[in-house]
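Read through the structure below, which is laid out as structure tokens, and then see the notes.
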Amino acid sequence: MKKKRSQKPKHGLYAIKIIAILFSVIEIIGLLLLSAGYFVFNNTYLTIGGTIIAAFGIYMIVAHFLSLYVFIRV
């Protein structure tokens with residue numbers, strides 16, 4: 001007997017958690033740099049760098065889950 005194939009292929013859905021964790025780590029690093037630059041060291045460049053990294057992390061998390069919703073309908 002032949003095995004039945006699933007109706008819809010799962011094109012890399014195993015990596016959803018890994019990518020979400022990676023983007024969350026980027027977000028945490030950005031927030032740590034932002035808070036350290038602003039509150040601890042009072043350094044403008046560190047604060048700006050932390051803000052950019054935190055904004056990038058938020059963007060990547062939102063883009064990741066939005067693409068899952070739009071293209072895969074998870």
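Please treat every number below as a calculation from the coordinates, not as lab data. Quantities reported herein were computed from a predicted structural model and do not represent experimental measurements. Neighbour counts are summed over all protein chains in view; Cβ atoms, including those assigned to glycine, are modelled from backbone coordinates with ideal geometry.
Structure notes:
- Going from the residue with the fewest nearby Cβ atoms within 10 Å to the one with the most, SER35, SER67 rank SER67, SER35.
- Sorted by Cβ density within 10 Å, fewest first, the residues ILE72, ILE21: ILE21, ILE72
- The label-point distance for LEU22 and TYR45, in a model that sets each label 7 Å from Cα toward Cβ, rounds to 2.9 nm.
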